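Below is one structure, written out as structure tokens; comments come after it.
The values are calculated or read from the model by the stated rules, or taken from the named source; none is laboratory data. Predicted model, so just to flag it, every value in this text is computed and none were measured. Here the Cβ positions follow ideal geometry from the backbone for every residue, glycine too, while neighbour counts run over all protein chains shown. Just so you know, the surface numbers come from the protein's heavy atoms only, side chains and all, with ligands and any DNA or RNA stripped out. Shrake-Rupley method; radii C 1.70, N 1.55, O 1.52, S 1.80 Å.
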There are 2 protein chains.
Amino acid sequence: MGTPVSTSQVTTGPIEGSTKRYLEIDHLRIPQRRVNLTNGEYLDLYDTSGPYTDATAVIDVEAGLAPTRDSWSKPDAVGGASTQLAWARAGLITDEMRFIAAREGVDPELVRSEVAIGRAVIPANHRHPECEPMIIGKAFAVKVNANIGNSAVTSSIAEEVEKMVWATRWGADTIMDLSTGKDIHQTREWIMRNSPVPVGTVPIYQALEKVNGDPTRLTWELYRDTVIEQAEQGVDYMTVHAGVLLRYVPLTARRVTGIVSRGGSIMAAWCLAHHEESFLYTHFDELCEIFARYDITFSLGDGLRPGSIADANDEAQFAELRTLGELTKIAKSHGVQVMIEGPGHVPMHKIAENVRLEEELCEEAPFYTLGPLATDIAPAYDHITSAIGAAMIAQAGTAMLCYVTPKEHLGLPNRDDVKVGVITYKIAAHSADLAKGHPGAQDRDNALSKARFEFRWTDQFNLALDPDTAREYHDETMPAEPAKTAHFCSMCGPKFCSMRISADVRTYAEENNLVTAEDIDRKIAQEMAAKSQEFIDAGNRVYLPLDAVKA
Amino acid sequence: MGTPVSTSQVTTGPIEGSTKRYLEIDHLRIPQRRVNLTNGEYLDLYDTSGPYTDATAVIDVEAGLAPTRDSWSKPDAVGGASTQLAWARAGLITDEMRFIAAREGVDPELVRSEVAIGRAVIPANHRHPECEPMIIGKAFAVKVNANIGNSAVTSSIAEEVEKMVWATRWGADTIMDLSTGKDIHQTREWIMRNSPVPVGTVPIYQALEKVNGDPTRLTWELYRDTVIEQAEQGVDYMTVHAGVLLRYVPLTARRVTGIVSRGGSIMAAWCLAHHEESFLYTHFDELCEIFARYDITFSLGDGLRPGSIADANDEAQFAELRTLGELTKIAKSHGVQVMIEGPGHVPMHKIAENVRLEEELCEEAPFYTLGPLATDIAPAYDHITSAIGAAMIAQAGTAMLCYVTPKEHLGLPNRDDVKVGVITYKIAAHSADLAKGHPGAQDRDNALSKARFEFRWTDQFNLALDPDTAREYHDETMPAEPAKTAHFCSMCGPKFCSMRISADVRTYAEENNLVTAEDIDRKIAQEMAAKSQEFIDAGNRVYLPLDAVKA
């Protein structure tokens, strides 16, 4: 490696109020983020941030992260495939599966069986030994991907490596490097060697650079060599737009926004120019053979996804989805793991249909969606328009959400945008975990709300998805340090506080032994006899019938 | 009036790319915002911003807005009530109803009948003649309220008036003045006289200030006088927490976050201290008589709304909702309009139940919810956590959404926060309008997406909810003026562009007369005969069966 990036350019050190710890299971060390509370309690959280947030770790981006997985056991190939899918089918529980089970707090057998049936994937290229294994599947916590990458117009290698570190710091479960500018290979190499999370790419982007941006000059051979180049570097999953068939392309002609997927339009241009079927489709078996060797996971791209509310759930989109279903079967017959990419722009009432069809057509392969945006009318706020759709589609069964930043449709995200995008999507993912009743998900909500109720401001900040911004906003109106323990806030001021009154209510209920509605009715009935005359004097209305509360 | 606010302190002038126009119907002038597009087309939008965005209007905050409604016809009282409800029941279509019908693009009879049945309300105090009438009901566009107001700790009158102008500029349909600090009366007077939208308050806040913040010293008489004081000023709707009954208070004792509604906890404290039923409940009939005279709309407060995911949909919440249902009947028997406030913090899977119960218990009175937040773990991003819940609850039938700003739980919103809150909630409301198939809602999405597809950047910005920020973000990576008309963007760069390829696809389809899937099959079938040998030579895979696209 050269020196386009120095260690000082990436963010290190723990998140405020948290410390890194590891669950130790044999030779496996599963990272956790422990939030230490001021009342002596703590909460351990799923941790995507790698050694960068470990105060005791020595970070050296030129050396890269330790290739930990190289020392793990690797079973023999099964039927030509050295993949988690092949091993899971053979009944083997790999180190990756055990690591994931501890990370998610589930039984290793659940991990194995979900992978074996193809309802979950573990993107873990053998050439990416720095990766801390993670799982994408509807039975597990909803995951978030953050796109990074330079373009012809912007950005440096150092900026992209920092974006990767920064995105995983705030909770990104995977990273996609979508670089399209110069130094694509080198940028990716720096990202791979320093990424604690799986990395995805769209190989056609680099292939296109090799033919100077002219899609008609693409060939299968050029593409294949690019895939192998990236496979050797350790890319864990690759988006392949093999479902964009020649026959589907004209179905987009009358759309409001045509083809908005970059990969989809590259392949459409190629198909039209050559009047041939996509080489991604005609050579899909060969691609599977390559993927099976490295254990690269397919992310079957939705090249014809809708780019506007008007185009949602249309014939072009679902025609492609059917083809992705066929390709899923082919990939799995090679022992290759598969997930399916989804839209895009979809109004709320059409979201559930996407999940239903995907599961029906693609054998419940994990769904991986971009948003979707619930409306088109808010450029500069599309992290929000899409968080609405993302939360809903995840509740319906989507396993991983690709983030959208405030710059969507307008430009490439900078470091701040990356953070906003990740935090916003952690909100969507966590909201879905709550709605799905994911085990333990609500523990964090409860801990934070309890801290809020007890005016433990510091704990409230530290339990938040973004402690720094929460603290900053609070300090804008209440800057003094004592305010962090004050039993009031700037909304109500010191004289009166609803939370304080609630504490009084609790004391009252305890002193009077009031726990259930029946207790309350009993007490009120007792007191009414004594107080009835007083009430009649005081007001023009008496209590409701006593059983109203139970009605 | 004194001079705590000068005209230069409020924002005036059109939103970038738009002009104000008026639909003229007899003596009624209904405002619209016309977005003028570069291709000669235009789109007219619902406009909440009042004269402030009219380039031809003379704004003078000391004089206040013109009392336009004073010159409209006002029918005689019906059964003691001078309310839109009483008149609607009597079959009268008022000027307010005609104004609203034109504004919403519906039949005046729909407005009348929805108001008559109590499924919609028109908050329009006779003493607020500056108000441009609007309607809140599930048959109409989903509305957004913005809370403003100073507290003991922060802010000036001028800041609050500007927040009102600023919030309505970005689309707030109503304003609530929740001031709790000094100068409450004077602050409200400045807001009322300058507000083009209905203004709501929570009178108990001011009543509490009058007893120096001690809830136990509150009395019915003090409260009544405060209500009349505000009624005389023209407050259009008032939150009344009359459903917080003594018997319900202990039901909150074992909650994670007790009572989080400020009004709810004030009344709970009063009930506990006096061991008497709430004076809001015992004097509810008298309150109705006052409201009927001014045509103030009840916003029956949910004083026991959940303040955390753990407390959602609990016994305390739904017990209060049942009482709000009873109070709804009483208010309507007095000819007074009613809407019902709703939560709060609710996980996604428990949202629909709130709407269902509210409609069942409260005769479908318009539901007016605060969010709800879909998770507790993201202070500083609660505009987003709550936009997820807000969009979903509006899709389920909520008529108005109370915004949440990024400062929720942390401090009071400043001007920037107000804008972010309003835009975020316009997203939620509009997403729900799309999902409900609200007539014309998708026109704006289509216009914006068409502009995006055709690289009319300026039109894309001007059609956005926030043209200024969209333009600013674009300019960060593509600052040069020519880029506004460039047929590419910073994401793909000039060499390649998916939107450009889509245009090629359209040309191809037109030239080959390909419109339907059948056309495409026919053409492919024709060409296959000629090209089959070529395909066999070129690849190892042929086309799919021709009917796959129709499967």
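Quick notes on this one:
- Residues within region A:188-223 that are within 18 Å of residue B:501 (Cβ to Cβ), of a type in the set (Val, Ile, Thr) and surrounded by fewer than 22 Cβ atoms within 10 Å (Cβ to Cβ), tallied: 2
- Filter result for residue A:438 (within 16 Å of residue B:310 (Cβ to Cβ) and surrounded by 22 or more Cβ atoms within 10 Å (Cβ to Cβ)): no
- Residue check for residue A:71: farther than 30 Å from residue A:443 by Cβ, at pLDDT below 95 and surrounded by fewer than 17 Cβ atoms within 10 Å (Cβ to Cβ): no
- Evaluated against (1) in contact (Cβ under 8 Å) with a residue 40 or more places away in the chain; (2) within 10 Å of chain A (Cβ to nearest Cβ); (3) of a type in the set (D, E, K, R), residue B:341 falls short on exactly one condition, (2).
- Entry remark, region A:94-117: residues being open to solvent by 10 Å² or more (accessible area, probe 1.4 Å) and closer than 20 Å to residue A:333 by Cα number 5 in total.
- In region B:408-426, residue nearest to the other protein chains (Cβ to nearest Cβ) [restricted to those that are assigned to a helix (DSSP H, G or I) and in contact with a Gly (Cβ under 7 Å, 6 or more places away or on another chain)]: B:426
- Looking across region B:17-31 at every residue that is open to solvent by less than 30 Å² (accessible area, probe 1.4 Å) and in contact with a strand residue (DSSP E or B) (Cβ under 7 Å, 6 or more places away or on another chain), the one that is nearest to residue B:71 (Cα to Cα) is identified as B:30.
- If you go through region B:2-27 and pick out every residue that is among the basic types (Lys, Arg) and either in contact with a helix residue (DSSP H, G or I) (Cβ under 9 Å, 6 or more places away or on another chain) or part of a loop (DSSP other than H, G, I, E, B) (or both), you end up with 1.
- Within region B:272-287, the set of residues being buried (at least 24 other Cβ atoms within 10 Å of the Cβ) and of a type outside the set (Gly, Ala, Ser) comprises B:279, B:280, B:281, B:287.
- Filtered residue count, region B:273-313, keeping only those that are among the polar types (S, T, N, Q) and more than 7 Å from chain A (Cβ to nearest Cβ): 4
- Which listed residue, of B:235, B:244, is open to solvent by less than 10 Å² (accessible area, probe 1.4 Å) and in contact with a Pro (Cβ under 9 Å, 6 or more places away or on another chain): B:235
- Cβ-Cβ contacts under 9 Å between residues 6 or more apart (or on different chains), taken from a first residue in region B:246-262 that is closer than 23 Å to residue B:409 by Cβ and more than 7 Å from chain A (Cβ to nearest Cβ) to a second residue that is in a helix (DSSP H, G or I) and modelled with pLDDT of 90 or more, are listed as B:255/A:453; B:255/B:310; B:255/B:311; B:255/B:316.
- Output for region B:358-394, where each listed residue is among the aromatic types (Phe, Trp, Tyr) and facing another protein chain (nearest Cβ under 7 Å): B:381
- Hey, residue A:447 more than 7 Å from chain B (Cβ to nearest Cβ) and open to solvent by less than 30 Å² (accessible area, probe 1.4 Å) or not: yes
- Residues being under 15 Å from residue A:208 (Cβ atoms), open to solvent by 10 Å² or more (accessible area, probe 1.4 Å) and within 27 Å of the chain's Cα centre (by Cα) - total across region A:254-269: 1
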